[in-house]
Every structure is written in structure tokens, then in C-alpha cells.
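Scroll down for the structure; my scribbles are underneath it.
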Amino acid sequence: MLNILQQILLELGLGEDFAATGARTGVSILVALAALIAHRLARGPVLRTIDSLIRRTNTDWDDALIERRVLHRLAHLVPGLVIYRLAPLALVGHARLQEIADTGVQIYLVLTSMLVIDALMSTTVDIYRSTKTSREISIKGLIQFLKVILYFLCGVFVVSVLLGKSPFYLLSGLTALTAVLLLIFRDAILGLVAGIQLSVNRMVARGDWIEMPKYGADGDVLDVTLTTVKVQNWDKTITTIPTYSLISESFKNWRGMQDSGGRRIKRSVHIDISTVKFLDEQMIERFGKIQYITDHIEHKKQELAEYNELNQVDLSHLANGRRMTNVGTFRAYVEAYLKNHPQISQEMTFLVRQLAPTPKGLPIEIYVFCKDKVWANYEAIQGDIFDHILAIIPIFDLQAFQEPAGKDFRGLNPAD
């Protein structure tokens, strides 16, 4: 093409040098126009047609190609390839210019290819995150590590193009700098190792609720990346934790609770020990009218009567034989009340137990599981339960223990 155009200019009466320069300039302009037209076609009709076809499909994974602009970046390869193929036609006889042009085009193609592969990797992460497996095993850290390697190799290729050396020549020379490279990529390597361990052992995943007091983290995991784990705390602040810290240090993951059939309620009511006593006939009759424990009272009366009769117990003294107590009856009521509560799981651990007495009274601990695991609902249900329990305590002639306050001391007579 260059020779034909140069011949035409010579036939027009132009000088040989001017004809050669004009021909080279003309061919360069034609190459640039060809690259521009190819780029416009790739970014225009071709890209719009492919985009339209993708959006008409029923699958979702191909939409990620559009969102991550993979096809847009591929279109940028077209002008580079056109120039790479046609530039020698315009630079015949100018080895130095051709070498510079080839170097520039090769660097452009390497960088553009890197951006395309980068977008494809991000697309892979997006597609994977739409699967159920992504909640258990995260691949974002691995993809980020592969991107680091991609950028490193791209840098090696660019330097090799500039120096005119083989990339393998440069890579072999880098073996002597292994220690330096390990130091530079220390966080990335530790993050990759930690990410693999976290994923393989299923220690933490996106959406888990974790607690790590050392870093002030208490909330949902937003993302697990190569070097950091982002946690959105319940006050909506964001805490960033080094990924490797989740391997080297301890943390609490609430996933087990979320995957189970309920959320634990573990709280105690402290009873004033001085109010604990045996039931008399009047109290037995009064408590027997409480529907939740009517059957319990009748069964207990029969059981104790049979025992005392069998053992010929002298019931004239309260210390003899077996008798019902108000605290034991109260505990039976709480158990019956919770067994009839629609939001308390009957399949999971269910305990209403008496703990060892303390200076603050006799603890009656409720250890059950709430079916509703949503935080706000769970707190509301727990609050309603203990509202009822605290209000019912005086009916059993018991008192909840409460340390004296200032007004209690004001009522004392100093003379006493």
C-alpha cells in the first residue's frame, strides 16, 4: 500500500522525498482511521447487539458481563489489534519507528488484556455470590490474590517489552529477590492462607454474626476479602478486621444459633430466701386454682400423702416427712407457663432450675430457647416472659430479692 501511494504521488510530479513522506503520512492516517472505525463498530453496533441478546436471555449470570463491562473492555482490544497488524505497512523502511510502535501497541494490548481478565474475575465473584454455597465458602480473597499475581505478571510483561527481553528471563532473575517479594506481599500471602482456612473450615462467611471484642466488632460480616473482613456492627458502624486475625485469635460466631431451631434465653430471677416456706392447706387450696399447676398440685398431694403414709410420718411437725414449698410450686408454675408458651421451643434444651444460693438470694434460672431468632422479636418475647414471672412471684408468697436503695435507709430510725 505504501509503495502504491508513493507511486501515485510521484506520478503527480512530487519529489521523491516528499512523495515518500506523504505516502507514509497517508498510510498512517488510513491505519488510524481503520483503528478508529473498528473501535466505533466494536463499541457501537456490535456491542449493542450482544448487549441486547444477553438481556433477553433467562439466565442471570451473563448479565454480570454487562455490569462488570467485560465486553466494553474487550472492545478496546480491537483498535490495538488493528494498529498492531497494519502499522508495519506505514513504517516500512523505518525500523526504529516500527520498533517504537510495536512496543507501544504491545504494552497497550497487555494492559487492556489485564483489564479484561480483571473484569472476568470480578464477574466470576458476582456469579458465585448468587449461589447458596457462597454463604459458606467465600472465594473473594482467592480472586483478589489471583488479581495481585495478574498485576505482577502484567508488570513483568511490560518491563520485558520495554527491555526487549523474554519474560522468563526476568522471572528467573527475580528468584534472587524472593525474600523481598515475600516481604512486599506478606499481607496478601497471610490473607490468602487465612482465607483458605476460613473457607475450608467454614469458620466465617458473609452474613454471619460474629463477636470479636478486641476489635470492637459485634455484628454481621459484610465481606471477606484478601486482607480484611468487614463487619457492620449493630450501631451501623463498620469494623475492619485483618483476615489473619480470625485464624490467630479467638472470636464468637453466632451462625450455630441462626441455623438452629431457636435462640437461647438464659436469665435468673433471685428470690428472697426469707420468704421460702412450706405450703399449708390454705395455700395448697389457693395454688390449686391456678390452671397451669392444678394437675401438678393434685399429683404432688397424692405422691406426698402416699410417701408419708408408707413411712408412717408424724405430720404434727413441719420438719417431718415430705411437703410442698412455695418456691418449688413457683418453679413448677414457671415450667408449665413456658411449656404452654407458643414461642418457646419444646424440642431444644428446656430447664427451669434452682441454682446455689448467693448473697443476692436464691436464683431460679430459666434456660430455654425462643423460636423467633430475630433480635427485636426475641427481646420482646423475653421481656414479656419475665414481666409475667416477676409479676406472679408475690402470688406464691415470695419476694424477689432487691438490694436496698437510699429510700430504704431513710426509713430507718437512727435511735434503733
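Got at least one residue in segment 381-396 being touching a Ser or Thr at 6+ places or on another chain (Cβ under 7 Å), under 24 Å from Thr275 (Cα atoms) and either modelled with pLDDT of 95 or more or of a type outside the set (S, T, N, Q) (or both)?
yes
Which residues, counting only those in segment 301-326, are in contact with a helix residue (DSSP H, G or I) (Cβ under 8 Å, 6 or more places away or on another chain) and under 13 Å from Ile284 (Cα atoms)?
Lys301, Arg323, Met324, Asn326
For (1) in contact with a Cys (Cβ under 9 Å, 6 or more places away or on another chain); (2) surrounded by fewer than 13 Cβ atoms within 10 Å (Cβ to Cβ); (3) among the aliphatic types (A, V, I, L, M), each residue gets a yes or a no:
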site	(1), (2), (3)
Lys339	no, no, no
Gln343	yes, no, no
Leu362	no, no, yes
Val368	no, no, yes
Tyr378	yes, no, no
Asp384	no, yes, no
Ile389	no, no, yes
Ile393	no, no, yes
Arg410	no, yes, no
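Return the residue satisfying two criteria in turn: it lies in segment 44-79 and is in a helix (DSSP H, G or I) and touching a residue at least 40 places away in the same chain (Cβ under 8 Å), and of such residues it is farthest from the chain's Cα centre (by Cα).
Across segment 44-79, the extreme among qualifying residues is Pro79.
Within segment 94-120, count every residue that is under 23 Å from the mean Cα position of the chain (by Cα) and either surrounded by fewer than 18 Cβ atoms within 10 Å (Cβ to Cβ) or over 30 Å from Asp60 (Cα atoms) (or both).
The total comes to 1.
Pick from segment 281-296 the residues that are surrounded by 14 or more Cβ atoms within 10 Å (Cβ to Cβ) and without any contact (Cβ under 8 Å) to a residue 12 or more places away in the chain: which of them is farthest from Ile395 (Cα to Cα)?
Going through segment 281-296, the residues surrounded by 14 or more Cβ atoms within 10 Å (Cβ to Cβ) turn out to be 283-284, 286-288, 290, 292-293, 296.
With without any contact (Cβ under 8 Å) to a residue 12 or more places away in the chain added as a condition, the list becomes 286, 288.
Values: Arg286: 9, Gly288: 12 Å.
The extreme case among them is Gly288.
What's the number of the condition Gly207 fails, among (1) over 25 Å from Ser130 (Cα atoms); (2) in contact with a helix residue (DSSP H, G or I) (Cβ under 6 Å, 6 or more places away or on another chain)?
Of (1) over 25 Å from Ser130 (Cα atoms); (2) in contact with a helix residue (DSSP H, G or I) (Cβ under 6 Å, 6 or more places away or on another chain), only one is false for Gly207: (1).
Name the residue that is nearest to Arg129 (Cα to Cα), counting only residues in segment 211-222 that are out of contact with any Ser or Thr (no Cβ under 6 Å at 6 or more places or on another chain) and assigned to a strand (DSSP E or B).
So the residue we want is Leu222.
Any residue in segment 239-255 that's without any contact (Cβ under 8 Å) to a residue 40 or more places away in the chain: show its pairings with residues that are in a loop (DSSP other than H, G, I, E, B) and among the small types (Gly, Ala, Ser) at Cβ separation under 8 Å, as long as the two are six or more apart or on different chains.
Thr239/Gly216
Identify the single condition in (1) at pLDDT below 85; (2) outside the structural domain of Gly207 (by TED's automatic domain parsing); (3) surrounded by 15 or more Cβ atoms within 10 Å (Cβ to Cβ) that Arg73 does not satisfy, given that it satisfies every other one.
Unmet condition: (1).
Any idea which of (1) free of Cβ contacts under 8 Å to residues at least 24 places away in the same chain; (2) assigned by TED's automatic domain parsing to the domain that holds Asp218 is the one His299 doesn't satisfy?
Condition (2) is where His299 drops out.
The values are calculated or read from the model by the stated rules, or taken from the named source; none is laboratory data. Since the model is a prediction, treat every value here as computed from it, not as a measurement. Every residue, glycine among them, receives a Cβ derived from its backbone with ideal geometry; neighbour counts consider all protein chains shown.
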